[in-house]
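Enquirer: One structure coming up, written as structure tokens, with questions to follow.
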Amino acid sequence: MEKTQQFEAATNGKLITILSIDGGGIRGIIPATILAFLESELQKLDGSEARLVDYFDVVAGTSTGGLVTAMLTAPNKNNQPLYEAKDIVPFYMKHGPKIFPQQSGVLGSVLKTVKMLFGPKYNGKYLKKIIRRELGNIRLTDTLTNVVIPTFDIQTLQPTIFSTYQAEVNPSYNVQLSDICISTSAAPTYFPPYYFKNNFADGNGLEFNLIDGGVAANNPALVAISQVTRQVFSKDPEFFPVKPVDYGRFLVISIGSGASKEAKPYNANAASKWGIFGWLIHDNSTPIVDVFTQASGDMVDSHIAVFFQAVHSQGNYLRIQDDTLIGDAASVDIATKDNMSKLKDIGDKLLKKPASWVNLRNGLSEPRDNGQTNAESLTRFAKLLSEEKKLRESTKSPQIIKKL
């Protein structure tokens, strides 16, 4: 695909706008529901053609959030996003059962457990097929705005962050979006690791041996901020000058995919008897994966919340997360019709819950003192995003900066 799209420089505005989407397998239905609401609020303000990609300088996503990121930012033949936000939940409903094929009953549960002892729970063939079909040959630098998608390279034992900034600095990272999405979704024990090589005309290229980015950054908001900071420090003209202490100009919306509140499966008394197999497999789940992905998300949220409050800009950060999931809803791979409908309902109810933030004194997540629900907070953020977009358009210089 020819790289023809251009977008307005943030130089003419006041804010750097970031959208971040957590990983979580089939629970991606929850953030997809939230995103559909946000896009609808923007459309109320700016017309039915408004899309999320028009308002964010950076969209970041890990695992299932990386797939959502690609769907929102990859261009179609008309140079518009492949998917509207409202179409993402139907995508999960249609393809989820084939990505995570279910085996019911006691025998099915036993087969799943045995299979996980000797290989990944799913072969990932359908996931690869649908991702390649949807994204085709679109590359990282073809996206309609900047994207950041974390993965982890098990050969180098280092995080591999795919971002438009990185692709600009090093063309070896300008890989196909399909390869990135397959890689960031390759959760250990669920899908096999993914190998690919970004070949050049001379036959040389960089090799990647990747797994789910959730092992490094299940909540990619902080990674996105760091990528923007790199651009600022390298004097990239795509972003307006920001002083090191002037981070109050960031506006960040971070959306989680839910977390379990059930203590029973992982209580200390039970876990004290586990060996390696207990941590890898327990009641058809993978405790060690659940623990490090949830810990990653909470640590990032706590860090960013403290950061925004420290610079007196807490109104510029919104984290939406439901940590009360129970039963099948807490699983990353139960893609039954009933459970997927339940996840959609959880997303709808989450919009009505009070917006929360981290209390600096005790480290706990508490309702914000403004009394707003998540829906009301998103409506407020939609107004800020709309105003920012209009400000940039009104002060736009004749020369539009081309997106590299």
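Just so you know, all these numbers are worked out from the coordinates, no wet-lab data involved. A quick note: this is a predicted structure, and the numbers were derived from the prediction, not measured. Methodologically, a virtual Cβ is constructed for each residue, glycine included, from the backbone with ideal geometry; neighbour enumeration extends over all protein chains shown.
Enquirer: What number, in nm² with one decimal, is the all-direction average of the projected area of the convex hull of the alpha-carbon atoms of the range 24-76?
Expert: Mean projected area of the Cα convex hull: 3.8 nm².
Enquirer: Also: Which ³J(HN,Hα) values, rounded to whole Hz and listed in residue order, are derived for the range 316-329 from phi using the Karplus coefficients 6.51, -1.76 and 1.60 in 6.51 cos²θ - 1.76 cosθ + 1.60 with θ = phi - 60°, glycine and proline given as x?
Expert: Running phi through 6.51 cos²θ - 1.76 cosθ + 1.60 with θ = phi - 60° gives 9, 10, 10, 10, 10, 8, 10, 9, 10, 5, 9, x, 4, 4 Hz.
Enquirer: Same structure, new question: For a quick check: with amide H placed at 1.01 Å from N, whose amide H comes under 5 Å from F162's, ignoring anything fewer than 5 positions away on the same chain?
Expert: Those qualifying (amide H under 5 Å, at least 5 residues apart or on another chain) are I149, T151.
Enquirer: Using θ = phi - 60° and the Karplus form 6.51 cos²θ - 1.76 cosθ + 1.60, what ³J(HN,Hα) does each residue of the range 131-146 get, whole Hz, x for Gly and Pro?
Expert: 5, 5, 5, 6, 9, x, 9, 4, 9, 4, 7, 8, 4, 7, 8, 5
Enquirer: 5 Å is the cut-off here: which amide hydrogens, built 1.01 Å from N in the peptide plane, fall below it relative to Q372, excluding neighbours closer than 5 in sequence?
Expert: Here the answer is A355, since their amide H atoms fall under 5 Å of that of Q372.
Enquirer: Pop a pseudo-label 7 angstrom from the Cα along the beta-carbon direction at both D87 and D369 and give the gap in nm to one decimal.
Expert: Here the modelled spin labels are 4.4 nm apart.
Enquirer: Looking at the square roots a ≥ b ≥ c of the eigenvalues of the Cα gyration tensor of the range 133-185, which shape do they give, rounded for a/c under 1.5, prolate if a/b is larger than b/c, or oblate? Let's see the in-between values first.
Expert: Numbers: a/c = 1.98, a/b = 1.27, b/c = 1.56.
Taking the square roots of the gyration eigenvalues as a ≥ b ≥ c, the range 133-185 is oblate.
Enquirer: A further question on this structure: Report the FRET efficiency, 1/(1 + (r/R0)^6), for N199 and E49, where r is their Cβ-Cβ distance and R0 is 41 Å, rounded to 0.05. Let's see the in-between values first.
Expert: Numbers: r = 38 Å, r/R0 = 0.92.
According to the calculation, E is roughly 0.65.
Enquirer: What is the calculated FRET efficiency for K14 to V306, with r their C-beta to C-beta distance and R₀ = 30 Å, to the nearest 0.05? Intermediate values should be presented prior to the final figure.
Expert: Values: r = 23 Å, r/R0 = 0.77.
Calculated value: 0.85.
Enquirer: Additional query: Using only the Cα atoms of the range 172-227, build the gyration tensor, take square roots of its eigenvalues as a ≥ b ≥ c, and label the shape rounded, prolate or oblate: rounded if a/c is under 1.5, else prolate if a/b is larger than b/c, else oblate.
Expert: Details: a/c = 2.87, a/b = 1.40, b/c = 2.05.
Here the range 172-227 falls in the oblate category.
Enquirer: From the square roots a ≥ b ≥ c of the eigenvalues of the alpha-carbon gyration tensor of the range 304-385, which class results: rounded (a/c under 1.5), prolate (a/b over b/c), or oblate?
Expert: On the way: a/c = 2.67, a/b = 1.77, b/c = 1.51.
Here the range 304-385 falls in the prolate category.
Enquirer: Could I have the simple spin-label model distance between T336 and R132, label points 7 Å from Cα toward Cβ, reported in nm to one decimal?
Expert: The answer from the label model is 3.3 nm.
Enquirer: While we're looking at this one, here's another question. Evaluate the distance, in nm, between pseudo-label points positioned 7 Å from the Cα of S226 and of S40 along their respective Cα→Cβ axes.
Expert: 3.6 nm
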